[in-house]
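For reference, the structure is listed below as structure tokens.
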Amino acid sequence: MKGLIIKDLMCLKKQLVLFAFLVAGVLAVSIMYVLSARFGNIALAAEKMIADNQLPGPDVQKLGSLALVLFMLLPIAMVGDMANVFDADGKAGFARVAGTLPVPLRKRVLSRYLTIFALFGIGVVVDIVIAAVLAALTDMITFADFFGIILSAASIQSIYSALAIMFCILLGKNHLDLARFLAILTLFAGVILANLGKIIAVVKKIAASSSAYNPEASGDISFLWDIRDFLIEKWYILLILAAAVCVSSYFLSCIAAETKRGVI
Amino acid sequence: MEEIKNVIELEKVTKDYGDFKLDSVSFSVPEGSVCGFIGQNGAGKTTTINLILDVIKRDAGEIRVFGETIDKNSAALREDIGVVFDEMGFHEFMTAKDINFMMKHIYKNWDSEMFFNYLKEFSLPSKKKCGSFSRGMRMKLQIAVALSHHAKLLIMDEPTSGLDPIVRNEMINIFRDYVVEEDHTILLSSHITGDLEKLADEVVFIDKGRIVLAGNKDELLEKHGILKCKKEDLAQVSTSLIVSTEMSSFGAEALVNDRRAAAKLYPDMVIEPAALEQIMIYYVNRRG
């Protein structure tokens, strides 16, 4: 089974090289950003926003930290797409070889899920290094907050990967794009359903503000802080959710792989 | 007398795809033999091999490998099976070194030294991406992988198709070396009967999902013959002896299933030995 994980990582090698470049880019841009937020133009812009009463002081700081949150999400989002492994296997005809190896089908499926955890580990370690550097340079966000965001982002990425594996096995090598789309769709549907009340409230406020000028409504971006705070503080919910999705999608994938022999 | 052990045994194995059915297939492959699995394209050779490897599930019947049923322990049994397909199956970006690294974490008995020795013997580069290999090189790489975990059974699906005669001959020599060890067995599927005539001890002939002939190759060749006569003389020949006939402007030819009996009954007619290819063609035409 270990050999299959090695093979999966080899398939993602190209993507991991891109990932390395992206990490370097994110690190450079985010350092420039925090330095500017402390000493440069961003700091001046923030002061002006506060002086002009556009946003209150704490919101300006939160807005600044939100940009850093996005920077932290990028490396994990780019660390690897499991659908690419299915794509590479499909092109090579590796599923046929895999069927002749002394690895039971459920272990072949499990190896894909363990690859997710390997990628999860890579993403988390790299992001922790970036977070340590940034936390030392800024007071917009603490290392503990960064840590929460990293775990939240890695959990979301794991949920996507687990769903992508399941859909790839269910739909087969000829429908990988559809499998990716369905994985993203399921992920978004989950987020929307979990926040339906808040989303309706925000939409209502926006609708009200577009029909008549209402500075209170148009300036309300508190839902962004809710998302940010959720990612920082409630990371364990996403982690538990990721574990649950991985386990249930693993069992479903095993059933699908057993029924549709030759996919993995 | 020592009992002959069968490495592969199929009993009334059935797989129905709707448009194609592998119908109650039964045959066995004795230990230490080379079994040629012949039949035209689409006859059911690959389906049978996939069933033996438990890559696909059978609808009915029993399959035993090394005396054990494949139902629960197919993965463990595959430790002792080397498989070669008509297409490589490894990712084009992989080098032989990468494959060695992957396989040594998969097979318990993987022998890296043996693998690199085979690469040397087959003149295969270890650091070059296998996507740049020729067809012959790709097949040799598969054989090196199949042989480097001390497999006792080699299952090959059309390994020589599309190869030039020199590479084909090289590969046949590799297979010959492999079966020198008395517990090594080969199941070799091919529609190139010339290769099998050189190599096989046993022959299983499948057509339209059914086993048409199975047995010792020399006995089958000895038994069958091509009877040549005038068209009008063919009517004298007992229909129970004739597998099928072929007419031409020069006369008639028929494959007979008992050459000696035919020679005794019809001493004036010419009966020549039949090649495997001819046997295959006449049997296929029988039902056509």
Could you work out the Kirkwood radius for the stretch B:6-217, taking every pair of different alpha carbons, averaging 1/r and inverting it, reported in Å?
17.5
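Considering only DSSP beta bridges whose two residues both sit in the protein assembly as shown, what percent are antiparallel, to the nearest 5? Before the final figure, lay out each step's value.
Values: 36 of 54 bridges.
Of those bridges, close to 65 percent are antiparallel.
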Grab the alpha carbons of chain A, take their convex hull, and tell me the volume per residue in Å³.
134
For B:74-81, what's the mean count of beta carbons from other chains sitting within 10 Å of each residue's beta carbon?
3
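How large is the charge dipole for the stretch B:1-49, taken about the Cα centre, if only the Cβ atoms of Lys, Arg (+1) and Asp, Glu (-1) carry charge, to the nearest 20 debye?
Details: 5 positive and 8 negative charges, 43 e Å.
With only Lys, Arg, Asp and Glu charged at Cβ, the dipole is about 200 debye.
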Evaluate E = 1/(1 + (r/R0)^6) for B:E182 and B:K230, where r is the Cβ-Cβ distance and R0 equals 45 Å; express this FRET efficiency to the nearest 0.05.
0.35
Under a point spin-label approximation (7 Å from Cα along Cα-to-Cβ), what is the B:T69-A:I240 distance to one decimal in nm?
4.4
Can you give the Rg to Rh ratio for the protein assembly as shown, taking only C-alpha atoms and Rh from Kirkwood?
1.17
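Within 10 Å of each residue's Cβ, count the other Cβ atoms and sort A:M10, B:M139 from fewest upward. Don't jump to the answer; show the numbers that get you there.
Numbers: A:M10 19, B:M139 28.
Ranked by crowding around the Cβ, least crowded first: A:M10, B:M139.
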On a 0 to 90° scale, report how tilted helix A:57-78 is relative to the longest principal axis of chain A, with both axes built from alpha carbons and the result rounded to the nearest 10.
20
Rounded to 10°, Cα long-axis angle of helix A:82-92 versus longest principal axis of chain A:
40
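Quick check on the exposure proxy: order B:E121, B:E9 from fewest to most C-beta atoms within 10 angstrom. Kindly include the intermediate steps, with their values, before the conclusion.
On the way: B:E121 12, B:E9 19.
Going from least to most buried by this count: B:E121, B:E9.
Determine, for each peptide in B:14-26, A:64-76, B:155-167, the mean count of other beta carbons within 10 angstrom over its residues, then list the peptides with the highest first.
Highest mean packing first, the order is A:64-76, B:155-167, B:14-26.
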Sticking with the crude label model, points 7 Å out along Cα→Cβ, report the distance from B:L265 to B:S132 in nm, one decimal please.
6.4
Given +1 on the Cβ of Lys and Arg, -1 on the Cβ of Asp and Glu, and no further charges, what dipole in debye does the stretch A:56-173 carry about its Cα centre, rounded to the nearest 20?
780
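Charges only on Cβ, +1 for Lys and Arg, -1 for Asp and Glu: so what's the dipole of the protein assembly as shown about the Cα centre, in debye to the nearest 20?
On the way: 58 positive and 63 negative charges, 218 e Å.
The calculated dipole for the protein assembly as shown is roughly 1040 debye.
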For A:L44 and A:V29 in the same chain, what is the full-extension length gain: residue separation times 0.36 nm, less their Cα-Cα distance, in nm?
3.6 nm
Return, ordered by residue number, the residues of the stretch B:99-116 whose backbone nitrogen is under 18 Å from a label point located 7 Å along Cα→Cβ of A:A118.
B:99-108
Residue-averaged beta-carbon neighbours from other chains (10 angstrom radius) around A:91-98:
6
Return one number: the angle in degrees, 0 to 90 and rounded to the nearest 10, between the long axis of the Cα atoms of helix A:143-171 and the longest principal axis of the Cα atoms of chain A.
40
Spin-label point model (7 Å from Cα, Cβ direction): what's the A:S36 to B:F93 distance in nm?
3.3
If I build a Gaussian network model for chain B, linking alpha-carbon pairs within less than 10 angstrom, which residue out of B:F27, B:F250, B:F85 has the largest mean-square fluctuation?
B:F250
For an R0 of 41 angstrom, estimate the FRET efficiency from the Cβ-Cβ distance between B:S240 and B:K21 and round to the nearest 0.05.
0.90
Paramagnetic reach from B:N285 (point 7 Å along Cα→Cβ, amide N under 12 Å) across the stretch B:255-275:
B:255-256
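Within a 10 angstrom radius of each residue's Cβ in B:86-95, how many Cβ atoms of other chains show up on average? Whole number is fine. Let's see the in-between values first.
Details: counts 0, 4, 5, 10, 5, 10, 3, 6, 5, 0.
Mean shielding count: 5.
Taking the highest mean first, how do the peptides A:115-121, A:78-84 order by number of other beta carbon atoms within 10 angstrom per residue? Before the final figure, lay out the partial values.
Details: A:115-121: 19.4, A:78-84: 22.4.
Listed from highest to lowest mean packing, they are A:78-84, A:115-121.
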What are the extents of the Cα atoms of the stretch A:1-156 along their three principal axes, listed from largest to smallest and rounded to whole Å?
70, 25, 23
Ranked by Cβ crowding within 10 angstrom, fewest neighbours first, how are B:L227, A:L178 ordered?
A:L178, B:L227
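Working out 0.36 nm times the residue gap between B:A275 and B:K57, then minus their Cα-Cα distance, what length gain in nm do you get to one decimal? Intermediate values should be presented prior to the final figure.
Numbers: separation 218, 0.36 × 218 = 78.48 nm, distance 3.49 nm.
In short, 75.0 nm is gained.
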Mean shadow area of the stretch B:134-288 over all directions, Cα convex hull, nm²
11.2
Signed unit charges on C-beta, dipole axis of the stretch B:6-217, positive-most listed residue B:L51, B:V65, B:F27:
B:L51
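Quick note: the coordinates plus some simple rules give every number you see, no bench work behind them. None of the values given here were measured: they were computed from a predicted structure. Backbone-built Cβ (ideal geometry, glycine too); neighbour counts: all protein chains shown.
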